[in-house]
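Colleague: Could you have a look at this structure, given as structure tokens, before my questions?
The values are calculated or read from the model by the stated rules, or taken from the named source; none is laboratory data. Quick caveat: nothing in here was measured; it's all calculated off a predicted structure. Don't worry about glycine lacking a Cβ; one is built from the backbone with ideal geometry, like all the others, and counts go over all protein chains shown. SASA here: full protein model, heavy atoms, side chains in, ligands and nucleic acids out. Shrake-Rupley method; radii C 1.70, N 1.55, O 1.52, S 1.80 Å.
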Amino acid sequence: ELGCLFPLCGGSFRPDPDLPVCLEQTVLVWIPLGFLWLCAPWHLISLCKRTQVKHKSKLYLFKQLVVSLLLLTAIAGLAVTLGEDYGPHSSSEKNSPVYYTNPVLFAVTWVNVHLCVEAVRRRERAVDSTTLFLFWLLLVLCDIFPFQTLLRQALKVRDIPRFSLFNISFGLEVIALILSAVADVSREDQELIKKNPEAGAAFISRITFNWFNSMVMKGFKQSLVQEDMWELNEVETTAHISESFQQHVRSELGKARVRFQKTLKKRVVKNALQEETSQTGFTNSMGKGVSQDVLMMEDKKKNKDEKKKKEEKSYPSDWLIMSIYKTFKWILIESAVFKLLQDLLAFVSPQLLKMMISFTQKPSSYDWEGYLYAVLLLVVALLQSLFLQQYFQRCFVLGMKVRTAIMAAVYKKALVMSNDNRKESTVGETVNLMSADAQRFNDVTNFIHLLWSCPLQIVISIAFLWIELGPSVLAGLAVMVLMVPINGLLANKARKLQVENMKFKDKRLKIMNEMLNGIKILKLFAWEPSFQAQVEGIRGEELKVMRKFAYLTSVSTFVFSCAPALVSLATFAVFVGVSPDNVLTAEKAFTSISLFNILRFPLAMLPMLIASIVQVKKPQHFLFMYTHQTYNNLICSFTTDINSAVSICDGSYAWERDAEPFLKNLSLDIKPGRLVAVVGAVGSGKSSLMSALLGEMHCTKGFINIQGSLAFVPQQAWIQNATLRDNILFGSPYEDKKFQNVIEACALGPDLKLLAAGDLTEIGEKGINLSGGQKQRVSLARAAYSQADIYLLDDPLSAVDAHVGKHIFDKVIGPNGILKNKTRILVTHGISFLPFVDEVVVLVDGRVSEFGSYKSLRASKGAFSEFLDTYAKEHSNQSCAQTVDTEDLEFMPDGDDTQPDFPPEDAVSFTLKRENSIRRSQRGGSVRLRKNSTLKVTEKAGETKKGQRLIEKEAMETGHVKFSVYLQYLRAMGWGYSVWVLIIYFIQNVAFIGQNLWLSDWTNDATVYYNKTYPASMRDSRVGVFGALGVAQGLFVFLGTLLLANASINASRIMHSQLLNNILRVPMIFFDTTPIGRVVNRFAKDIFTVDEAIPQSFRSWLLCLLGVLGTLFVICLATPFFAIIIVPLAVIYYFVQRFYVATSRQLRRLDSVSRSPIYSHFGETVSGLSVIRAYKHQERFLKHNEITIDENLKSVYPWIVSNRWLAIRLESLGNLVVFFAALFAVISRETIDSGLVGLSISYALNVTQTLNWLVRMTSELETNIVAVERVSEYCEIENEAEWVAQHRPPENWPQAGRLQFIDYKVRYRPELDLVLKGITCDITSSEKIGIVGRTGAGKSSLTNCLFRIIEAAEGHILIDDIDIATIGLHDLRNNITIIPQDPVLFSGTLRMNLDPFDKFSDENIWRVLELSHLKDYITGLEEGLQHEVAEGGENLSVGQRQLLCLARALLRKSRILILDEATAAVDLETDNLIQNTIRREFSHCTVLTIAHRLHSIMDSSRVMVLDAGKIVEFDSPNNLLEKRGHFYSMAKDAGISQQTVTSL
């Protein structure tokens, strides 16, 4: 029997620390072996599975060799025992059983280890085994005790064989331990590990995050770029996460639906009956092929609106949380275990501290006890750090995964969103859901475990405190509990303020956004001051709220910083005051203080946690809204009836679920391969018909049957931010010949020549660098390339020029086009195309009024022929009623729905639109490209500079932030403020240290008055001073925070004013080359950072820095030796910090850079939904979304790891500080009093966290201060000329309105060619001048020069003999008027849009509105002039907007008017109104018209023809026609002849 175990030998402590031998031989052997036996089955199971056999590495063979040798030692040990007991020299006294059991146990274990090592080799992608490493570690640790026992007896060894065997096996175990710490990477996995080092990290590397070193080194040496990022682990990829999340969502939603259905049934039995009757009719009409499912969906949809309110309550809201939980439950459980271990270990340190103090007080105790405590403190702290970092790693990765899952889910839902949903939530809101709300989930999941961990910590600390101080703890606790509601109140108030602040912020950004979008208008009308004042006003309000908020924060900081002082004051005062026997000893005081420090965190966190969990509700509702209604309400029953491609049976379709149907009782039958035109007046439902065919509308009855795949060309082309080629291929493989054919057919060839990189040119967001016509043709090319069966073409010809339209009709759509064998449904306004289509559908008010061939409809004398005739009469005076032949085919611009089929000459003149760059002459379709035209002909300033990039990539700051930036911020804060803040915070820190020194002095009273009564006066003075110092701290913090708040608001105000002031004075060219988003970002994110993040991180950084310095000071005060250690620690700290900050900052930047593509791709998808769905490309877009999110995760994941990498290194440093503080206290325990020991160690225990924070704050401050740099970068852009110069023009200048150009030359940017190459002309007072020229001839540049949007390179412009370059910009721009091409309105009242400076009276404004034919409309509005215009004027029609712009011009009534003629946006009616008003009202003014339709300038006094920046002809229209030069050929293209002019 193992009797030696029971009487544990040597009961007393010995001066040399050692364990009894019998314990070493039993318990210490069993611990590691037991551990292995528990873990072995898991390894052995994997041996049974068949896996492909991997290559045996050298490392593996070496491990097996060591284990074999160990097996031999075990057998040898057994042999020795047997030899001693039963051999020839055996004595009568037999060996104890332990000498038999141990070798046998070991032998069996080694065999087991053999198998485990083999099992690890077979596991997929395993590089080492955690359990085996821990087993070797335990074994070596447990064998250290017998090893040192044997070493001490080494001189008098009695048992040589066992001694040597033990040493051999101990040596082998150490080797095995080292081997098991090395990763064993198989050849197969080597490639993978290059891409992702984490996969090849061994256990030690995994827990210390050593595998991350290479990234940190790289980031320190050079700036990281996206290409440096490692591949993600399989489990972290979007596809994997999203897949598992979707599965759980499906099952959870299923359950939730069932629950919901039950509640619904009870409630809606009556409704259900009524539904039933209507449903049956519905079902019959639908025929077979509709699953019950769809009916259920329909059913639910009908009920949805009545029950919207009830539904939110009744619909089980926990499905989202449940799905998240089920998807990620293992990570959750693991992290919970780590958190629990860490929480429990946190309470071990105060107990060790207590033992340590009592050790210093008892001179009789042995030295080794002290050293043991010091080592234990280190071990506990290290374990705590390891557990904590593993917990954080898991939590942050979980947060990242949840965010990913939600983003992927939102995207997926967006692809199936029904139209009503799209109405309910704007693109902005959905993008917001993806960014902000997913992020919120991320933040909550990071801290989700605190929900149970906080209460646990609170309970345990109270228990320990009770043991220390008895009931007087309740006093301290009461103070803490009182703090919670106060904090809660403050937090509540703060939240209200923040909501208010967000309102102002949104308002300010909305205005900023509009200003930047309409900046050209602001400049042309000289309206900047008005808008600047508006923004400054809102900003003022915002700063008021911010100031309130800052004061609140300082109050809560005061409360928070007073809390620890007050709590310890209350506790100790009560403790000492309750009874004279209670004496405050060092152990009691410092153990309690370190426990109170533990308590502080959970009490502060709980209210915050609860608040942030409340905010998570939103995405849940939103996702639910999506899942609830998906788009395809289109019910296609596929009958076998092949003879029709598209048929609609008695269908009615509504835009919203319960709205009146917009399309009523439609029946259509279209045979395969036909070309069908759809015509009708504006609003007759042409586009709606397309939407119905695509399944985007709600079917209220009937059904649609479509045979084959669809391609769709929407009315407004949808262009992706990709290369031109990708836009056309749209996911199909590239075939050169086919591609070239499509390009040729869609007339894109000449355009490609103009683009810098041909078809590989990158196209900006929303197709920003293409003209309208080009976009439309790209959209058409996409359809043509897609090889679908059925083509839905929604007016693709409206945005292109006449002859281009004709070309496209011939080559693509028409009877001889490349689509001639496909079914084509063409919505068109080009009446001249109708004779060539197979059938015409005429829509009137959402009904099909006629359907048949062109001839039969003309003959039937129905509505169709009627509206053809009415318009034909107007042109009866045109002699030539030509027969229409394909050569002369022309078409109508958008908006002239009801146009006659009159001879083409005229139709064209309406459509000589500006947008399009290339004109094809009708003869032979050859392309006229001017020889001298350079590549820089796009008229706007969007030249493709530097090859294919239109827009420079945003400069990403790299490397250090210059010190000057910090100084700049301090300067904005004000030097006086800055200095005072520093001084006050410093005093506060001094008070803090003073308080604690006083406490340690107080605890020494316990030894002085040992066994004596403690004088009451002494007690009162102790408590009094302690309390006073505590309150002083709080007050100083309060003061400091107040000052800092004022200072930072000062800084915010100054920086925003400078930025705004400068941006409004920047020349136009800047806005043409900088995406607006980038500028808005400065006003949004960067100003937000300056407002909120910088002051906060600045304050935290200051407090942390002072805290760390204070701690080191106190420890040095207690144990001066410690000063020696500070230097090496500081050096290590500095390096770790520099490495980390460099890498972390770049990872953050990469994160934000790679995040925006996610949102822009999302926004793009939502705006192009109908196209994506029509082509059935949802899968491809989902894939693309996954790839973009993955790219982002590739920088998020390393960032998370970099934080852990840092934390584990810093915490080890902090733990060393604790260790050395304890060690030196033990060494110098003779000279030091116990109070100081307690003080220095309890300080040291706190320093770990503070150190970590200091680095985090430094890096945060560095990251945030970049905002100051970015703002100041935009504050220093060069400005345009003065708004008001010294030389001011006379009061009512210009009186005559004479214009002279003298050898005028201009270029857009210094490095580019001239756009206007020496223009000289003289325009007399009140002349009417038409300016024509092909795209790129310099027409728009001319107006830009008049307003000095671009400054002259040489030459002058004189208005009434004053050189415009000598006067201020506002003097100039206020005195000439322009009616711009695209009508830009700003959100605000109608009145503000006409007269932002309130210069004019209401009568004036009404008079002007009457002249511009808007009076009736506006009197009809409830608010009249105060009617709110939506953003960009969305709530007015394009025509109305154009008329408002006319009203603006009439209101200013200046002598010079420039009319940049609107493109096809305006229907003919509006156009005539505008023309007539201008002729009448501006008869005495000089009017320059930039014409796109020659038609409108035929009555002008002179016409200026520009070509390539020069005036080529300048004379009256008639003379020019007789000349037969440039103008004549343009007129001929437009079908204008002499006789037309005379008739005009």
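Colleague: For R1441, R1065, give me the order by solvent-accessible area with a 1.4 Å probe, most accessible first, ignoring ligands, DNA and RNA.
Modeller: R1065, R1441
Colleague: At 7 Å along Cα-to-Cβ for each site, give me the label-to-label distance between W452 and L134 in nm.
Modeller: 2.0
Colleague: Something else: Once Rh is set to the Kirkwood radius over Cα pairs, what Stokes-Einstein translational diffusion coefficient, in µm²/s, holds for the stretch 697-764 at a temperature of 10 °C and a viscosity of 1.306 mPa s?
Modeller: Translational diffusion coefficient: 109 µm²/s.
Colleague: Which order do peptides 504-513, 1198-1207, 1279-1288 fall in by mean Cβ count within 10 Å, highest first?
Modeller: Top to bottom by mean Cβ count within 10 Å: 1198-1207, 504-513, 1279-1288.
Colleague: Beyond 14 Å, how much of the Cα-Cα pair distribution for the stretch 458-515 remains, as a whole percent?
Modeller: When all Cα pairs of the stretch 458-515 are counted, 71 percent exceed 14 Å.
Colleague: For the pair S856/T1013, report the inter-label distance in nm, with labels modelled 7 Å from Cα in the Cβ direction.
Modeller: 12.3
Colleague: Decide, for the stretch 81-164, between rounded, prolate and oblate: order the square roots of the alpha carbon gyration tensor eigenvalues as a ≥ b ≥ c, take rounded if a/c falls under 1.5, and otherwise choose prolate if a/b is larger than b/c, else oblate.
Modeller: oblate
Colleague: To the nearest 10 square angstrom, what accessible area does S1017 show with a 1.4 Å probe?
Modeller: For S1017, solvent-accessible area is about 90 Å².
Colleague: In square angstrom, rounded to the nearest 10, how much accessible surface does E191 have for a 1.4 Å probe?
Modeller: 110
Colleague: Can you figure out the FRET efficiency of I1126 with I1054, using R₀ = 35 Å and their beta-carbon distance, to the nearest 0.05?
Modeller: Once rounded, the FRET efficiency stands at 0.30.
Colleague: Looking at the stretch 1405-1458, I'd like the Rg to Rh ratio, where Rg is from alpha-carbon atoms and Rh is Kirkwood's inverse mean 1/r.
Modeller: With Rh from the inverse mean 1/r over Cα pairs, Rg/Rh is 0.98.
Colleague: Take the alpha carbon atoms of the stretch 38-142, find their radius of gyration, then divide it by 2.2 N^0.38 Å using N residues; give the quotient.
Modeller: 1.34
Colleague: Considering only DSSP beta bridges where both residues belong to the stretch 1383-1540, give the percentage that are antiparallel (nearest 5).
Modeller: Here the antiparallel bridges make up roughly 60 percent for the stretch 1383-1540.
Colleague: Consider a paramagnetic label point 7 Å from the Cα of S849 along Cα→Cβ; state which residues of the stretch 647-664 have an amide N under 17 Å from it.
Modeller: Answer for the stretch 647-664: 663-664.
Colleague: Semi-axes of the stretch 1252-1394's equivalent ellipsoid from the Cα gyration tensor, sqrt of 5 times each eigenvalue, largest first, rounded to whole Å?
Modeller: With the √(5λ) rule applied to the stretch 1252-1394, the semi-axes are 41, 20, 17 Å.
Colleague: Measuring from label point to label point, each 7 Å out along Cα→Cβ, what is the M217 to W330 span in nm?
Modeller: 3.3
Colleague: Working out 0.36 nm times the residue gap between Q148 and C1275, then minus their Cα-Cα distance, what length gain in nm do you get to one decimal?
Modeller: Gain on stretching Q148 to C1275: 398.6 nm.
Colleague: Going by a ≥ b ≥ c, the root eigenvalues of the Cα gyration tensor, does the stretch 1309-1360 fall in the rounded group (a/c under 1.5), the prolate group (a/b larger than b/c) or the oblate group?
Modeller: Here the stretch 1309-1360 falls in the oblate category.
Colleague: Would you please give the FRET efficiency between L115 and I983, computed as 1/(1 + (r/R0)^6) with r the Cβ-Cβ distance and R0 = 60 Å, to the nearest 0.05?
Modeller: My answer for the efficiency is 0.30.
Colleague: Would you calculate the volume per residue, in Å³, of the smallest convex hull containing every Cα atom of the stretch 1258-1334?
Modeller: Per residue, the Cα convex hull of the stretch 1258-1334 comes to 223 Å³.
Colleague: Using a 1.4 angstrom probe on the protein heavy atoms only, line up F809, F851 by accessible area, largest first.
Modeller: Per-residue accessible area, sorted high to low, gives F851, F809.
Colleague: Here's another thing I want to ask about it. For a protection proxy built on the mean count of beta-carbon atoms within 10 angstrom, sort 1087-1095, 109-117, 1132-1140 highest first, please.
Modeller: The densest-packed peptide leads the list: 1087-1095, 109-117, 1132-1140.
Colleague: Now, a different point. Could you let me know the centre-to-centre spacing of the stretch 1132-1200 and the stretch 681-718, using Cα atoms, in angstrom?
Modeller: Spelled out, the Cα-based centre of one part sits 35 Å from the other.
Colleague: How much length, in nm to one decimal, is gained on full extension between K1399 and V108, taken as 0.36 nm per residue of separation minus their Cα-Cα distance?
Modeller: 454.7 nm
Colleague: Separate question: For C649, C454, give me the order by solvent-accessible area with a 1.4 Å probe, most accessible first, ignoring ligands, DNA and RNA.
Modeller: C649, C454
Colleague: What Rg and what Dmax come out for the stretch 757-800 when only alpha-carbon atoms are used, in angstroms?
Modeller: 11.6, 32
Colleague: Taking all protein chains as present, what is the carbon and sulfur share of the accessible area of the stretch 1216-1327, in % to the nearest whole number, probe 1.4 Å?
Modeller: Roughly 50 percent of what the probe reaches on the stretch 1216-1327 is carbon or sulfur.
Colleague: Full-extension gain between N95 and R122, please, as 0.36 nm times their residue separation minus the C-alpha to C-alpha distance.
Modeller: Gain in length upon complete extension: 5.5 nm.
Colleague: Now for a different question. Could you pull out which residues in the stretch 1255-1275 have an amide N less than 19 Å from a spot 7 Å beyond the Cα of E1351, following the Cα-Cβ vector?
Modeller: Under 19 Å, as judged by backbone N against the label point of E1351, lie 1275 of the stretch 1255-1275.
Colleague: Hey, another quick one. Taking R0 as 41 Å, what's the FRET efficiency between L489 and N210 from their Cβ-Cβ distance, rounded to 0.05?
Modeller: After rounding to 0.05, the efficiency reads 0.30.
Colleague: Looking only at the stretch 1114-1128, which residues have a backbone nitrogen under 20 Å from a spot 7 Å from the Cα of D1001 in the C-beta direction?
Modeller: Only 1114-1120 fall inside the zone, counting backbone N under 20 Å.
Colleague: Which translational diffusion coefficient, to the nearest whole µm²/s, is obtained for the stretch 1340-1489 from the Stokes-Einstein equation, given a Kirkwood hydrodynamic radius over C-alpha pairs, 20 °C and 1.002 mPa s?
Modeller: For the chosen part, D equals 131 µm²/s.
Colleague: Taking all pairs of different Cα atoms in the stretch 481-541, averaging 1/r and flipping that mean, what Kirkwood radius in angstroms comes out?
Modeller: It is 13.8 Å.
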